[in-house]
1. Within the group S207, S215, S267, which residue is more than 29 Å from V314 (Cβ to Cβ) and in a strand (DSSP E or B)?
2. Just one of (1) within 29 Å of K212 (Cα to Cα); (2) within 14 Å of ligand 2 (Cβ to nearest atom); (3) crowded, with 22+ Cβ neighbours inside 10 Å trips up G257, so point out which.
3. Among the residues of the stretch 265-287, which ones are small (G, A, S) and either modelled with pLDDT under 95 or open to solvent by less than 30 Å² (accessible area, probe 1.4 Å) (or both)?
4. Of the conditions (1) without any contact (Cβ under 8 Å) to a residue 24 or more places away in the chain; (2) within 14 Å of ligand 1 (Cβ to nearest atom); (3) part of a helix (DSSP H, G or I), G249 satisfies every one except a single condition; which number is it?
5. Regarding the stretch 293-315, can at least one residue be identified that is open to solvent by 20 Å² or more (accessible area, probe 1.4 Å), in contact with a Ser or Thr (Cβ under 7 Å, 6 or more places away or on another chain) and within 16 Å of ligand 3 (Cβ to nearest atom)?
6. Quick one: count up the residues across the stretch 290-303 that are closer than 25 Å to G268 by Cα and under 14 Å from the mean Cα position of the chain (by Cα).
7. With the checklist (1) surrounded by 14 or more Cβ atoms within 10 Å (Cβ to Cβ); (2) within 21 Å of the chain's Cα centre (by Cα) in hand, flag the one item K176 doesn't pass.
8. What are the residue pairs meeting all of these: first residue in the stretch 64-82, first residue on the phi > 0 side of the Ramachandran plot, second residue open to solvent by less than 30 Å² (accessible area, probe 1.4 Å) and assigned to a loop (DSSP other than H, G, I, E, B), Cβ atoms under 6 Å, and 6 or more apart or on different chains?
Amino acid sequence: MKHLKVASIPGDGIGTEVVEAATNILKAVSDIHGGLSFEFTDFPWSCQYYLEHGAMMPEDGMERLSQFDGVFLGAVGDPNLVPDHVSLWGLLIKIRREFEQSINLRPAKVMKGIRSPLLNPKDFDIMVVRENSEGEYSAIGGTMNKGEDEIAIQNAVFSRKATERAMHFAFDLAKKRSGRVTSATKSNGIVYSMPFWDRVFEDVAKSYPEVKTDSQHIDALAAFFVTQPERFDVIVASNLFGDILTDVGAAIMGSIGIAPAANINVSGKYPSMFEPVHGSAPDIAGKGVANPIGQIWTAKMMLDHFGEEELGRVLLDTVESVTSDGFLTRDIGGKHSTKDVTDEIIARLKAKA
Ligand SMILES: NC(=O)c1ccc[n+]([C@@H]2O[C@H](COP(=O)([O-])OP(=O)(O)OC[C@H]3O[C@@H](n4cnc5c(N)ncnc54)[C@H](O)[C@@H]3O)[C@@H](O)[C@H]2O)c1
Ligand SMILES: O=C(O)C[C@@H](O)C(=O)O
Ligand SMILES: [K+]
Ligand SMILES: [Mn+2]
């Protein structure tokens, strides 16, 4: 019997709704398997928690999380309660950093039964490898002066170690896929970090002669995602470029509500964290209409991570059978609730048990 201990952090807004849905799905999945069980432990860390305790998690929060095999997170952020940079850096980004989750893996592909906003989408299947530990997301800088003389300085950090690590991850992944890596750059405008990024990319590429490479400026790449997404396989991008590109990837799939993500600790020293691309969606929170597929597909990425790829495939196939039969939430043109879609997926999983 394989027993997996998962720390569950639903977080804010629709995070609580979609995590509940995906947790029920994982319970159904383990019934199919027979030899796999999940033990979920809930942590109420959120903006509400911050108002009560003055922090997004308790002081021993990271130590407690380190006891688990994985972290399953919904979304963080409620700007009416806590400024976004405080809530994200106190929970989501804190976990990414302190658990050395240096890679954020984010797929975008054509999903059966979900209409892409593209007029004629070819069969695209992209994997974005987002550098997840540094880059434009740094706490180095400051503000000075007041009024019209006010200045904000924000530094970006690009280390050879982290850049190479993201690129090696992308090349290794490409070898298992169609053998192409595209680097997202901006070396025409960003004068130090991006020419450095290009140099490291060229260096790393030398170790993978069998992998085809290409380099695109991020602005053009964002446009190509919309006009020719089928051109791409694996993309390696800095923290901010990867963040933006994966919202575009989500949009061309049909909705940000279906896009999954895995924050991977490559060394295995700390747990990895699984959380969808979308946020807490304050505009639809509490209405029961959030699309649970992003969180459910994220659960599939967690299954893959734990070596249960076959089960992951069964789960994603079941999701696509449900979307193909028209069980769709509002964001993808349907009328069904979070619960309708989740219950239908569970019923079909049970039929396979
Ligand atoms: N990883 C994270 O936890 C994460 C990611 C992005 C944003 N945020 C935070 O979430 C809050 C809201 O941010 P935002 O509005 O920029 O982004 P968002 O992803 O929460 O919402 C953007 C739009 O997409 C819709 N949407 C998102 N998820 C959906 C789903 N599952 N089903 C249906 N529709 C969905 C929303 O209703 C909204 O119209 C902010 O506090 C932000 O900082 C957190
Ligand atoms: O900027 C971030 O990383 C937060 C959120 O937008 C995400 O994509 O996870
Ligand atoms: K999220
Ligand atoms: Mn984002």
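1. S215
2. (1)
3. If the condition is that a residue be small (G, A, S) and either modelled with pLDDT under 95 or open to solvent by less than 30 Å² (accessible area, probe 1.4 Å) (or both), then S272, S280, A281 are the ones that fit.
4. Here G249 meets the rest and fails (1).
5. No, because not a single residue in the stretch 293-315 is open to solvent by 20 Å² or more (accessible area, probe 1.4 Å), in contact with a Ser or Thr (Cβ under 7 Å, 6 or more places away or on another chain) and within 16 Å of ligand 3 (Cβ to nearest atom).
6. So the count comes out to 9.
7. (1)
8. Here the result reads G77/D12; G77/S280, each pair linking the stretch 64-82 to a residue that is open to solvent by less than 30 Å² (accessible area, probe 1.4 Å) and assigned to a loop (DSSP other than H, G, I, E, B).
The values are calculated or read from the model by the stated rules, or taken from the named source; none is laboratory data. Everything numeric here is computed off the predicted structure, so don't read it as measured data. Neighbour counts run over all protein chains shown; Cβ positions are idealised from the backbone, glycine included. To get the accessible areas, we keep the full protein, side chains included, count just its heavy atoms, and leave off ligands, DNA and RNA. Shrake-Rupley method; radii C 1.70, N 1.55, O 1.52, S 1.80 Å.
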